[in-house]
Amino acid sequence: MQYIENLELREKIKQLPDEDSEILELFYFKKLSYAEISSHLECKGYPRYTEGNIRQKKFRALKKLRQLYL
């Protein structure tokens, strides 16, 4: 059952903008720290973000994700 819920969650996450989905995937599924996420995104061509920026972006991405479930 949890596997199915995770699949559904991942599908919803993929509906978010690329940067948002990337941050949520890296934080919740790959268990990366904010600093690691920042470095990872920078390597993919995104601007350099501070840990605080990543934290805020994660919060906003979660807010968007909740709206998809409503």
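What follows draws every value from the coordinates through simple rules; no lab data is involved. It should be emphasised that the depicted structure is a prediction, and the values quoted were computed from it without experimental measurement. Reconstructed Cβ throughout: ideal geometry from the backbone, glycine too, with neighbour counts over all protein chains shown.
Things worth noting here:
- Within the chain, helix-based [θ] at 222 nm, where runs of 4 or more DSSP H residues each add -39,500 (n - 2.57), nearest 500: -22000 deg cm²/dmol
- Under Karplus coefficients 6.51, -1.76 and 1.60, residue-wise ³J(HN,Hα) of the stretch 42-55 in Hz, glycine/proline x: 4, 5, 8, x, 7, x, 6, 10, 7, 4, x, 4, 5, 4
- Stokes-Einstein D in µm²/s, Kirkwood radius over Cα pairs - the stretch 1-60 at 20 °C with 1.002 mPa s viscosity: 181 µm²/s
- Computed over neighbours whose Cβ is under 14 Å from that of residue 45, the net charge equals -2, Lys and Arg +1, Asp and Glu -1.
- Mean separation of Cα contacts under 8 Å (6+ apart) over length of the chain, as relative contact order %: 32 percent
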